[in-house]
Amino acid sequence: MNATRGSTRMTARMTARMTARTALLGAVLAAAAVRAQTVSMVSSPHDLSAGSAANIRAASEDQVCIFCHTTHNASPIAPLWNRAVSPQAYAVYTSRSLDARPGQPTGDSKLCLSCHDGTIALGSVLNRGLTLGDVATPIQMSGGVTTMPHGPGNIGTDLRDDHPISFRYDSALAGKDGRLRDPAGLPHQIKLDPNRELQCTTCHDAHNNAFGKFLVMRNTNSELCVSCHAIADTDIQGHARCIDCHQSHTAPSGPHLLKQRTATRTCTSCHDGSHPGAVDIASDITKISAHDTSGVGNPDAALQSQSSCTSCHDPHTMRRGTGARSTGTGPRTGSLGRLGQISGVNASGSPVRVATAEQEVCFKCHADGNTVPPIVPRKISNNNTRLQFSPGAVSMHPVGTPGRASQVPSLRPGWSASSTMRCGDCHGSDAGAPAGIHGSNNPGLLVAAYETRDFTGESAATYALCYQCHDRASILDNRSFPGHKLHIVDKQTPCAACHDAHGIPSGQGRLANNSHLINFATAIVFPDRATGKLEYRDTGGFTGECFLSCHGVDHSPKRYPVGP
């Protein structure tokens, strides 16, 4: 009887244990089934088995994992790697804006490239079909495919057009770069390798295609990109998604990872009038006078031949704002938001990481050693706009600094002798929109006509640029200079014959000779034949005298107002 009771108790315990194990197994299988819905790589692009729905698959091999892993005869590389490692030397990513120093691919990136560099057969595994010569017979692929076919999956051995890999991503790098987040705060999905290096597996999980492209997390709204890159500070919707302008692999532009060959082509793929809300820039940059935007895109460009949209704009930090220029009602009101946090050169000639005024952006290409040829040859030749607009210049239009003339009688309402101008008040689209110095059908990329040829008939249209700020009636009524009407109407002498629109630097001119922007155009005005002088003298109080020869008439000198 005791034996019977013991047997009964043992049976009950065994039954309980089996029930518990069954429940546990059921829970594990249920969890696995849920996980399989998102994690399973079966029938994903990485499933190369014959039964896969993938475009690239084996002719008859039905195993899924064998193309990368094996339990026996694996290479001495974790995790049980079943492929040879490519011996290729790769061209690695480089960029002047990159503080990291990527080297030859290492770690998991090297394993990924054993398929994705296109040099090793997809079916070339270590444990299958060994012959007497100890050479593995590759698994045959359907359709005669051997290596990775040409396309997005084949990134080749030139990695200069791919997101950089195999570099140490640490707090020191983040601090030096300024636009990288500290890796200590990365989301748990984004993992660096044991050496703290960023690898292919930082962004991709080869076994989970739940988010597409085997990404470790969603990137529809740049969630993955901005986990590492802290550069997006824009309220322009079309600039907020990285994938609209960039592609991480085999980018046509190379280092900038742009979807088009250059920054300008990338920008104008939207800014061509075809996208609602994106202003048409493409039409302006094809006009007769335009910024050369053929460069690949260098935000620190020092020469026009290297320029692009990103020489003047940082699309990641651009913000909405007015760019309206002056229309005779006073200086333009606007902000640098439409340029973004772009680099520049300040009034002292020092590079600045973020420009605080429009002219500082212009000075990168139009100052110091990077000037462009003059449109009008002059007695004093200087196209360094930084010096021409310097607060210490002899005479200048007040760009970036308040005007200092005591009287300017011809100014239109809204302007005063102490007003401040911007480059965009004179330079920009002749159509009035879009705002910005992109292109114009007027020479010199001017917003309105400014005729510089001699013997030009005066009209409101001929000197529309000047008449934006200067009242035409005042000029023709000789309220500031008694010879204005005589010169520009009767003698058809252009404004440019006497006036240098930008200014005269202090080291080249003198207040006594170059006030009022006087700097004679040498193709129109010549030295006086009697004295040999080509000179203006300011005698104060709207009076002065000239030594010159113009239209065959010698001034030896001629004074104004008329008198001794």
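Just one of (1) more than 24 Å from the chain's Cα centre (by Cα); (2) hydrophobic (A, V, I, L, M, F, W, C); (3) buried (at least 18 other Cβ atoms within 10 Å of the Cβ) fails for A357. It is (1). Taking the criterion of being touching a residue at least 12 places away in the same chain (Cβ under 8 Å) and either surrounded by 18 or more Cβ atoms within 10 Å (Cβ to Cβ) or more than 24 Å from the chain's Cα centre (by Cα) (or both), the residues of segment 206-223 that qualify are A206, H207, N208, N209, A210, F214, L215, V216, M217, N219.
Taking segment 498-524 as the region of interest, how many residues are free of Cβ contacts under 8 Å to residues at least 60 places away in the same chain and over 16 Å from N382 (Cβ atoms)? Walk me through it before giving the result.
Kept after step one, since they are free of Cβ contacts under 8 Å to residues at least 60 places away in the same chain, are these residues of segment 498-524: 498-499, 512-513.
Next, only the ones that are over 16 Å from N382 (Cβ atoms) stay: 498, 512.
Matching residues across segment 498-524 total 2.
Consider segment 439-453 and keep the residues that are closer than 13 Å to A496 by Cβ and small (G, A, S). The one that is modelled with the lowest pLDDT is G444. For R479, the conditions (1) within 22 Å of N442 (Cβ to Cβ); (2) of a type in the set (D, E, K, R); (3) at pLDDT below 95 are fulfilled apart from (1). Inclusion of V226 among residues that are crowded, with 18+ Cβ neighbours inside 10 Å and in contact (Cβ under 8 Å) with a residue 12 or more places away in the chain is not warranted.
For segment 240-251, state whether one or more residues are more than 25 Å from R338 (Cα to Cα) and not in a loop (DSSP other than H, G, I, E, B). Within segment 240-251, none of the residues are more than 25 Å from R338 (Cα to Cα) and not in a loop (DSSP other than H, G, I, E, B).
Count of segment 370-388 residues, restricted to those that are under 16 Å from S515 (Cβ atoms) and of a type in the set (A, V, I, L, M, F, W, C), is 1.
I'm trying to understand the selection: among the residues of segment 523-564, which are β-branched (V, I, T), surrounded by 16 or more Cβ atoms within 10 Å (Cβ to Cβ) and in contact with a Pro (Cβ under 9 Å, 6 or more places away or on another chain)? Break it down into steps so the answer makes sense when it comes.
Keep residues of segment 523-564 that are β-branched (V, I, T), which gives 524-525, 531, 539, 543, 553, 562.
In the following step, the residues that additionally are surrounded by 16 or more Cβ atoms within 10 Å (Cβ to Cβ) were identified as 524-525.
Answer for segment 523-564, where residues must be β-branched (V, I, T), surrounded by 16 or more Cβ atoms within 10 Å (Cβ to Cβ) and in contact with a Pro (Cβ under 9 Å, 6 or more places away or on another chain): just I524.
Quick one: which of S335, S283, S274, S307 is farther than 27 Å from A232 by Cβ and either outside the structural domain of L180 (by TED's automatic domain parsing) or modelled with pLDDT of 90 or more (or both)? When all the criteria are applied, what remains is S283.
From the list S75, S109, S114, the lone residue that is assigned by TED's automatic domain parsing to the domain that holds H46 and part of a loop (DSSP other than H, G, I, E, B) is S75.
Just the residues that are part of a loop (DSSP other than H, G, I, E, B), among the hydrophobic types (A, V, I, L, M, F, W, C) and under 20 Å from L192 (Cβ atoms), please, taken from segment 207-223. Those that are part of a loop (DSSP other than H, G, I, E, B), among the hydrophobic types (A, V, I, L, M, F, W, C) and under 20 Å from L192 (Cβ atoms): F211, F214, V216, M217.
Among what's in segment 352-371 and is more than 19 Å from C309 (Cβ to Cβ), assigned to a loop (DSSP other than H, G, I, E, B) and among the aliphatic types (A, V, I, L, M), pick the residue that is modelled with the lowest pLDDT. Filtering first and then ranking leaves A367. Residues that are among the small types (G, A, S) and either part of a helix (DSSP H, G or I) or out of contact with any Gly (no Cβ under 6 Å at 6 or more places or on another chain) (or both) within segment 501-522 comprise A501, G503, G507, G509, A512, S515, A521, listed in sequence order. The single condition from (1) farther than 30 Å from A473 by Cβ; (2) of a type in the set (G, A, S); (3) under 25 Å from the mean Cα position of the chain (by Cα) that S381 fails is (3).
Among residues of segment 229-244 being farther than 23 Å from H188 by Cα and in contact with a Ser or Thr (Cβ under 8 Å, 6 or more places away or on another chain), the one that is surrounded by the most Cβ atoms within 10 Å (Cβ to Cβ) is T234.
May I ask you to list pairs of residues, at least six apart or on different chains, whose Cβ atoms are under 6 Å apart, with the first in segment 234-256 being farther than 18 Å from R218 by Cβ and the second being of a type in the set (D, E) and part of a loop (DSSP other than H, G, I, E, B)? Close Cβ pairs (under 6 Å, with a partner that is of a type in the set (D, E) and part of a loop (DSSP other than H, G, I, E, B)) amount to H249/D162. Considering the conditions (1) closer than 30 Å to D233 by Cα; (2) surrounded by 13 or more Cβ atoms within 10 Å (Cβ to Cβ); (3) of a type outside the set (G, A, S); (4) out of contact with any Phe, Trp or Tyr (no Cβ under 6 Å at 6 or more places or on another chain), N127 is excluded by exactly one of them, (1). Each residue in segment 87-101 was checked for being in a loop (DSSP other than H, G, I, E, B), small (G, A, S) and modelled with pLDDT of 90 or more, and 3 of them qualify. Within the option set G424, G432, G436, being surrounded by fewer than 17 Cβ atoms within 10 Å (Cβ to Cβ), at pLDDT below 95 and under 25 Å from T310 (Cβ atoms) holds for one residue only, G432.
The values are calculated or read from the model by the stated rules, or taken from the named source; none is laboratory data. Note that the structure is predicted; figures quoted are calculated from it, not measured. Positions of Cβ are generated from backbone atoms using ideal geometry, with glycine treated the same way; all protein chains shown enter the neighbour counts.
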